[in-house]
Amino acid sequence: MNNTTGSLGEKLNVNVLVTGVGGGVGDSILQALRLSGLSTKIVGVDMEPWGAGLYKSDKSYLVPPASETDYKEELLNICHKEDIDVIIPGSDPELSVLAEHRGFFKDEGFEIIVSDRKLVDICRDKLRTHSFFKDRGLPFADSLSADDYYKASGRLQFPLLVKPRGGSASRGICVVLNEKELEKYLGRAEDAVIQEYIIPSGWEGGRSNVLRDDIYSNGRLLQIEEVSTQVLVESSGDVIGIFTSKNVLKSGVPIRIEPFQSKAINGLVEEIVAQLTELGLRGPCNFQCKISSEGPIFFELNPRFTGITSVRAAMGFNEIEAAIRFFIKGESAESVQNILKTQSNLLCKRFSANQLFTKAQLKKLKVSGYLNLSDRTFYESG
C-alpha cells in the first residue's frame, strides 16, 4: 500500500482503481482525477475492450461482469498487482457488488469509496426509494408498481413517468399521457415503476393542460427543468461539501449545467442525508428533483459519483480529490472543503468527445486483457 501523507496542497501519491471506465460515470471520474492536485496512477477496468476510458488510464484491465462469481477475485488480483490505495465504483451494476464486499477488500488492504449495501439496494430500487422518503414525510414523486397502480382506488393523474424499477441514466423511461400509451409501454416492459410526472412551477395551466409538445420534441423526451444536488458525506452524516445545479439533459445525459444556490433544496438534502446515514451512507450521493409549485420534489437518488463529476471538478468542486484526501489519506473535513468551493460564475455546455486508439491496442487488450501506458499513445479529437 502507498502510505504517503501530507497537507492539502501537497502532491500526494495515490494509486486509484476506477471500475466501469467505459461508461459516462467512470470516464468522468478519470477526468476529475486528472484535474486533481493528486499525483495518481490510474488503473481503469471494464468488461468491454471498446470502453474509451481504458485508453485514458495509465494501466487498463478487462474484468468479468460484476454479476459473475470471479469478478471479485479478478479485481482483488489487480489491486495486489498494482498496489492500489482506493477503488472507486464507476457503474451501477458494480456498485452493489462492491458495497457488499467493501469489508472483504478492506481486510485485504484496499479501501472502496462506497456506502453500505443496504443503502445502495434501497437507492437502486425506485419503489424502495419512494417508500423511504414517504415513510419519513420527505417530498418524493408518488410511485407505484403496475399492479398497485391498477389496484389503487385513486389513480395517479396523467401525464405519468414510466421507467424500469432498477434502471439508471434515464434508460427505458417514457412519459405517457393516457391509458392507451401506458398499456403499450407496460406490454413491453418488465417490472416497471409508474411515477408522478412532476410539473415544474413555471408551467402555466397545471397538470390537466399539459400537451405532448410540452414533454417531447421530435420524439425525444425533454429534460429541461431538472435539478441535481451532489453531496460528499462523512460516515457521521455531516456534509463535507454540496453542489447544486440546474441541468438540461439529452437522452439522460446532462448537456447544460448551471450551478446555483438554493437554501430550500440544500436544507432538504441535508435533512435526507441525516436519515440516510442511519442506513450506511458515506461518501458521494446524488439527489435529483424538480421545483414544483409545492417546492422541491425528488424523483431519483444515487449513492455514487455521476457523469458530471468532472464538470463539477472543473468548476472548483473536485469531490474525487476531496474523497480520497478525507477517506483514504485522513485529512480533515475542514481542510478538504477548500477544494469543494464552486466557481458559481461558470457554466458548462457539454458535447461528445472522440477517443482514438489503434487496432493493435484493441487487439492486445482483447487477447491479454491488459494494457499499459507504455503500450499505447492515445489521441483525442473534439
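The values are calculated or read from the model by the stated rules, or taken from the named source; none is laboratory data. Being a predicted model, the structure only gives us computed values, none of them experimental. FYI the Cβ positions are ideal-geometry reconstructions off the backbone, even for glycines, and counts take in every protein chain you see.
Remarks
- Just so you know, in region 69-125 the residues that are basic (Lys, Arg) and within 26 Å of GLN31 (Cα to Cα) include one that is nearest to the chain's Cα centre (by Cα), and it is ARG124.
- Residue match in region 100-121 (condition: among the small types (Gly, Ala, Ser) and in contact with a Cys (Cβ under 9 Å, 6 or more places away or on another chain)): yes
- Within region 42-90, the set of residues being hydroxyl-bearing (Ser, Thr, Tyr) and surrounded by 22 or more Cβ atoms within 10 Å (Cβ to Cβ) comprises TYR55, SER57, SER60, TYR61.
- Selected residue (only one of ILE272, ILE291 is among the aliphatic types (A, V, I, L, M), buried (at least 21 other Cβ atoms within 10 Å of the Cβ) and in contact (Cβ under 8 Å) with a residue 12 or more places away in the chain): ILE272
- Pairs, first charged (D, E, K, R) in region 335-349, second surrounded by 15 or more Cβ atoms within 10 Å (Cβ to Cβ), C-beta under 8 Å, six or more apart: LYS341/GLY316; LYS341/PHE317; LYS349/ILE255; LYS349/ARG256
- Candidate set from region 31-41 (those that are of a type outside the set (D, E, K, R) and touching a strand residue (DSSP E or B) at 6+ places or on another chain (Cβ under 6 Å)); member that is surrounded by the fewest Cβ atoms within 10 Å (Cβ to Cβ): SER39
- Candidates in region 197-225 are the residues that are polar (S, T, N, Q) and more than 18 Å from PRO139 (Cβ to Cβ); of these, the one that is nearest to the chain's Cα centre (by Cα) is GLN223.
- Selection of region 226-251 for residues being surrounded by 19 or more Cβ atoms within 10 Å (Cβ to Cβ) and not aliphatic (A, V, I, L, M) yields GLU226, SER228, THR229, GLN230, GLY241, PHE243, THR244, SER245, ASN247.
- Unmet requirement for PHE132, which otherwise passes all of (1) under 16 Å from LEU276 (Cα atoms); (2) hydrophobic (A, V, I, L, M, F, W, C); (3) under 18 Å from the mean Cα position of the chain (by Cα): (3)
- Residue check: GLU331 meets all listed conditions (1) crowded, with 18+ Cβ neighbours inside 10 Å; (2) of a type in the set (D, E, K, R); (3) within 25 Å of ASP58 (Cα to Cα) but one, namely (3).
- Considering region 143-173, the residues that are of a type outside the set (Gly, Ala, Ser) and surrounded by fewer than 16 Cβ atoms within 10 Å (Cβ to Cβ) include one that is nearest to VAL248 (Cα to Cα), namely ARG171.
Yes/no matrix, rows are residues, columns are (1) assigned by TED's automatic domain parsing to the domain that holds VAL253; (2) modelled with pLDDT under 95; (3) over 26 Å from SER235 (Cβ atoms):
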| site | (1), (2), (3) |
| --- | --- |
| VAL311 | no, no, yes |
| GLU319 | no, no, no |
| ALA323 | no, no, no |
| ALA333 | no, no, no |
| LEU346 | no, no, yes |
| THR358 | no, yes, yes |
| ARG376 | no, yes, yes |
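- Residue tally, condition in contact with a strand residue (DSSP E or B) (Cβ under 6 Å, 6 or more places away or on another chain) and among the β-branched types (Val, Ile, Thr), over region 99-131: 3
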